[in-house]
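The values are calculated or read from the model by the stated rules, or taken from the named source; none is laboratory data. For clarity, every value in this text was computed on a predicted model and none was experimentally measured. We place every Cβ from the backbone using ideal geometry, glycine too, and count neighbours over all the protein chains shown.
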Amino acid sequence: MSLEWLVPLWMLLAGVAFLGGLALFLVAAARGAVRARRFSERSGSAGLLLNPRRRFQKGLLVSLMLGLAALALADPRYGVEVRQVSHRGRDVVFVLDVSKSMLATDVAPNRLKRARLDILDSLPRLAGHRLGLIAFAGRPKEICPLTHDHRHFVARLQQAGPETVPVGGTNIGDALRKALDLIEQGGRLGRYKDVVLITDGQDLGGFYEEAAKKAGELGVAVYTVGIGLEDPAHIPLEDGTFLTHEGKEVTTALNPEPLQLISNYSAGGFYSNLSSNPRWMQDLLARIEKKEMADLGSFKDERKIPRYQWILGAGLLLWAAGTLLSERSRGVL
């Protein structure tokens, strides 16, 4: 059981705060002593003179307080606290189209980035649910298995892009089958499962109707989200040019029909168009929140105990001692 500092940079800054504070305090003290002595010499009267020793002691106490305050921000942890945490929720698998057509900018900043941002915005309301992620283009790829670790989910989501799946094209059917396999591997009952499919709907194969019917048989709701406009849009590349095929610029447009069919064949899903319903995620979350939640069991949550309070408390005591310590003593010139 060792001491751990979660933000070690503040340990270095604590030293800087201590030395810097002490230096500034001593410079100010020296200037104050010179002004006080000159005043006493001009007035020719006895008064309260600055005591250099006490002045240094007070500066040292205040500087130590600054250093300890910075050290507390390093968030020291020592000891382990074990809690039994229970979870109720559902299994939610996001199926995200990462084909090059998702780089079209008919939705700002582009289709793919907008989809990722909407998913990220939904995470606070998805607390307690297990989340999974499938990325797909010409073939699907499991990016994140079902997990309660939403930080891992976020990290994997932010990495998802056209380079994640090297096979070009769009295969919605295989992506849905991959999502259903992922859910089945999780071992949850059908009524606690949901799939969120986000794509521009340009299916180039994969027999998506069969996959959607299988979802309905398993009791899995597939919520489909069409992203993009139905007017053709060019696909920009990083070098500032547009995607071409056989010398012609490629255009892409939202195709809502397969998405509507998929949601209808599934168990209680629905279709949303991001352009006409920017609040699609809020509607989806409201639907999920009304559903029955599964008891996902309990687990031991171990975390190191924060100990910054002791360091901060010591700093406050030093500050109090510094304010009570007088810098002056009575003397006669």
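Table for the structure above
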| item | result |
| --- | --- |
| Condition broken by SER45, with the remaining ones in (1) part of a loop (DSSP other than H, G, I, E, B); (2) modelled with pLDDT of 85 or more satisfied | (2) |
| Matching option when the condition is over 20 Å from THR199 (Cα atoms) and either exposed (fewer than 15 other Cβ atoms within 10 Å of the Cβ) or touching a Phe, Trp or Tyr at 6+ places or on another chain (Cβ under 8 Å) (or both), among ALA155, ALA108 | ALA155 |
| Residues satisfying the stated conditions in region 72-94, i.e. modelled with pLDDT of 85 or more, among the hydrophobic types (A, V, I, L, M, F, W, C) and under 30 Å from VAL195 (Cα atoms) | VAL92, VAL93, PHE94 |
| Yes/no for GLY228 being of a type outside the set (A, V, I, L, M, F, W, C) and modelled with pLDDT under 90 | no |
| Any hit, region 218-227, residues being surrounded by fewer than 22 Cβ atoms within 10 Å (Cβ to Cβ), of a type in the set (S, T, N, Q) and either over 27 Å from the mean Cα position of the chain (by Cα) or within 23 Å of ARG116 (Cα to Cα) (or both) | no |
| Members of region 66-102 found to be within 30 Å of ASP200 (Cα to Cα) and touching a helix residue (DSSP H, G or I) at 6+ places or on another chain (Cβ under 7 Å), listed by number | ARG90, ASP91, VAL92, VAL93, PHE94, VAL95, LEU96, VAL98, SER99, LYS100, MET102 |
| Test result for ASP174, in contact with a Gly (Cβ under 7 Å, 6 or more places away or on another chain), in the same structural domain as LEU254 (by TED's automatic domain parsing) and of a type in the set (Asp, Glu) | yes |
| Residue satisfying condition, being in the same structural domain as ARG177 (by TED's automatic domain parsing) and either free of Cβ contacts under 8 Å to residues at least 24 places away in the same chain or assigned to a loop (DSSP other than H, G, I, E, B) (or both), within set LEU117, LEU157 | LEU117 |
| Meets criteria (surrounded by fewer than 20 Cβ atoms within 10 Å (Cβ to Cβ), of a type in the set (Lys, Arg) and in contact (Cβ under 8 Å) with a residue 60 or more places away in the chain) for ARG287 | yes |
| Extreme residue, surrounded by the fewest Cβ atoms within 10 Å (Cβ to Cβ), among residues of region 79-93 that are within 27 Å of ASP181 (Cβ to Cβ) and in contact with a Phe, Trp or Tyr (Cβ under 9 Å, 6 or more places away or on another chain) | HIS87 |
| Verdict on ALA179 being surrounded by 18 or more Cβ atoms within 10 Å (Cβ to Cβ), without any contact (Cβ under 8 Å) to a residue 60 or more places away in the chain and either in the same structural domain as ASN277 (by TED's automatic domain parsing) or out of contact with any helix residue (DSSP H, G or I) (no Cβ under 6 Å at 6 or more places or on another chain) (or both) | no |
| Residue list for region 226-246, filter: within 26 Å of MET281 (Cβ to Cβ) and aliphatic (A, V, I, L, M) | ILE227, LEU229, ALA233, ILE235 |
| Residues of region 217-250 that turn out to be in contact with a helix residue (DSSP H, G or I) (Cβ under 6 Å, 6 or more places away or on another chain) and assigned to a strand (DSSP E or B), as a count | 5 |
| Elements of type helices (runs of 4 or more DSSP H) in region 251-333, at least 2 residues being at pLDDT 90 or above and farther than 30 Å from ASP106 by Cα | 308-324 |
| Any chance VAL196 is modelled with pLDDT of 90 or more and either hydrophobic (A, V, I, L, M, F, W, C) or within 26 Å of the chain's Cα centre (by Cα) (or both) | yes |
